[in-house]
Amino acid sequence: MPHAQELARLALDIAREAGELARLRRSEGVAIAATKSALADIVTEADREVEALVRDLLGRARPDDGFVGEESGAEESLSGITWVVDPIDGTVNYAYGIPHYAVSIAAVSGDPDPERWTALVGVVFNPASGELYHAVRGEGAWLGERRLAVSTPSDAGALLATGFGYDPATHEGDFARLRTVMPLARDIRRAGAASLDLAYVAAGRLDGYYERGLHAWDHAAGGLLVSEAGGLLGGAPGGRPGRELTIAAGPELFPRLVAALGT
Ligand code: LIP
């Protein structure tokens, strides 16, 4: 089994190169390539190009590793390591020119199922801001050289983030969940990129985050940032982030958020 620091160095180098490509393509103008689960669920040519770059660089460096990406098919691991990648998380922000999107790269060992994997490395890079978050299992979470720690909400209430699904049919449920958590909140943020929402919880910029409908690549890297910054993760009945729900917060808020969401 490779040393996690070796995987982290590879992920950081690739995230920087992939992020630079995403930023360059954004500056040249972004073309919508297709829609996916709903009209609002878009993929850009840059999403596809950036994922192809990440996949190629990982394959050259570690050909026996597996791959799970948002825009291309999965590949089974022969080494026990699988890379879980969202090439541009916050695609709609990216398409509109909102500088809040990230390359999200995680390395997991074992079964690449969020219910069962062991996250080893997580990297979340926003090329628009230059902020590069990373975590290695058991070795903390970092923004550049700054070690990260989750927050405890003030007496004014928790600053919470969430997201709403691409499918309008899911919005009633999203609004119902929002009503249940508002008594805990001082305010709500909806920034549009799950990986950065999770990175902000790790950095104490948000007190908590929850969202329904995330895919593994949305939360794989950011989830490790949260846990390595002293936060707690949950959502699906098995107690881990999943499609049903992803919840992240510091230890003081987490049980109250879980109770409010009724999971
Ligand atoms: C997005 C997430 C965001 C969620 C969006 C979408 P994408 O991922 O980061 O939190 O609200 O619906 O799933 O599609 O930009 O990779």
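Which count do you get for residues in the stretch 175-189 that are of a type outside the set (Ser, Thr, Tyr) and closer than 16 Å to Leu245 by Cβ? Step through it out loud before you land on a result.
First, pick out the residues of the stretch 175-189 that are of a type outside the set (Ser, Thr, Tyr): 175-179, 181-189.
Subsequent filtering for residues that are closer than 16 Å to Leu245 by Cβ retains 175-179, 181, 184.
Selection size over the stretch 175-189: 7.
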Please work out which residue is nearest to Tyr166 (Cα to Cα), limiting yourself to the stretch 4-63 and to residues that are among the acidic types (Asp, Glu) and open to solvent by less than 30 Å² (accessible area, probe 1.4 Å).
Asp41
If you scan the stretch 179-213, which residues turn out to be open to solvent by 40 Å² or more (accessible area, probe 1.4 Å) and not β-branched (Val, Ile, Thr)?
Arg179, Met182, Pro183, Arg186, Asp187, Arg189, Arg190, Tyr200, Arg205, Arg212
Just one of Val92, Val68 is open to solvent by 10 Å² or more (accessible area, probe 1.4 Å), within 16 Å of the ligand (Cβ to nearest atom), outside the structural domain of Gly222 (by TED's automatic domain parsing) and in a helix (DSSP H, G or I); which is it?
Val92
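Please tell me if Val103 is in a strand (DSSP E or B) and under 19 Å from the mean Cα position of the chain (by Cα). Break it down into steps so the answer makes sense when it comes.
Details: in a strand (DSSP E or B): yes; under 19 Å from the mean Cα position of the chain (by Cα): yes.
Criteria met by Val103.
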Selected residue (only one of Glu115, Glu49, Glu76, Glu45 is without any contact (Cβ under 8 Å) to a residue 12 or more places away in the chain and of a type in the set (Asp, Glu)):
Glu76
Can you find even one residue in the stretch 130-143 that is open to solvent by less than 10 Å² (accessible area, probe 1.4 Å) and in a loop (DSSP other than H, G, I, E, B)?
yes
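Anything in the stretch 214-263 that is hydrophobic (A, V, I, L, M, F, W, C), outside any loop (DSSP other than H, G, I, E, B) and open to solvent by 10 Å² or more (accessible area, probe 1.4 Å)? List them, or say none. Talk me through it step by step, then tell me what you get.
Pass one, the stretch 214-263, residues hydrophobic (A, V, I, L, M, F, W, C): 214, 216-217, 220-221, 224-226, 229, 232-233, 236, 245, 247-249, 253-254, 257-261.
Then keep just the ones that are outside any loop (DSSP other than H, G, I, E, B); that gives 216-217, 220-221, 224-226, 232-233, 247-249, 254, 257-261.
Once the filter is applied, which keeps residues that are hydrophobic (A, V, I, L, M, F, W, C), outside any loop (DSSP other than H, G, I, E, B) and open to solvent by 10 Å² or more (accessible area, probe 1.4 Å), the stretch 214-263 yields Ala216, Trp217, Leu232, Leu233, Phe254, Val258, Ala259, Ala260, Leu261.
Which residue out of Ala102, Ala149, Ala106, Ala156 is open to solvent by 20 Å² or more (accessible area, probe 1.4 Å), touching a residue at least 40 places away in the same chain (Cβ under 8 Å) and small (Gly, Ala, Ser)? Steps first, please.
Working: Ala102 fails: open to solvent by 20 Å² or more (accessible area, probe 1.4 Å); Ala106 fails: open to solvent by 20 Å² or more (accessible area, probe 1.4 Å); Ala156 fails: touching a residue at least 40 places away in the same chain (Cβ under 8 Å).
Of the residues listed, the single one that is open to solvent by 20 Å² or more (accessible area, probe 1.4 Å), touching a residue at least 40 places away in the same chain (Cβ under 8 Å) and small (Gly, Ala, Ser) is Ala149.
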Residues of the stretch 159-201 classified as assigned to a helix (DSSP H, G or I), more than 9 Å from the ligand (Cβ to nearest atom), free of Cβ contacts under 8 Å to residues at least 60 places away in the same chain and not polar (S, T, N, Q), total
12
Please list, ordered by first then second residue, the pairs with beta carbon atoms under 6 Å, 6 or more apart or interchain, first in the stretch 242-263 and among the acidic types (Asp, Glu), second not in a strand (DSSP E or B).
Glu244/Ala236; Glu252/Thr152
Go through (1) touching a Phe, Trp or Tyr at 6+ places or on another chain (Cβ under 9 Å); (2) within 28 Å of Val43 (Cβ to Cβ); (3) of a type in the set (A, V, I, L, M, F, W, C); (4) open to solvent by 10 Å² or more (accessible area, probe 1.4 Å) and name the single condition Ala169 misses.
(1)
Selection count where residues are under 23 Å from Ala203 (Cβ atoms) and either at pLDDT below 95 or of a type in the set (D, E, K, R) (or both), scope the stretch 94-131
2
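The values are calculated or read from the model by the stated rules, or taken from the named source; none is laboratory data. Owing to the predicted nature of the structure, the values given are computational and were not obtained by experimental measurement. Please note: Cβ atoms are built from the backbone with ideal geometry, for glycine as well, and neighbour counts cover all protein chains shown. Protein only, heavy atoms only, side chains kept; ligands, DNA and RNA dropped before computing areas. Shrake-Rupley method; radii C 1.70, N 1.55, O 1.52, S 1.80 Å.
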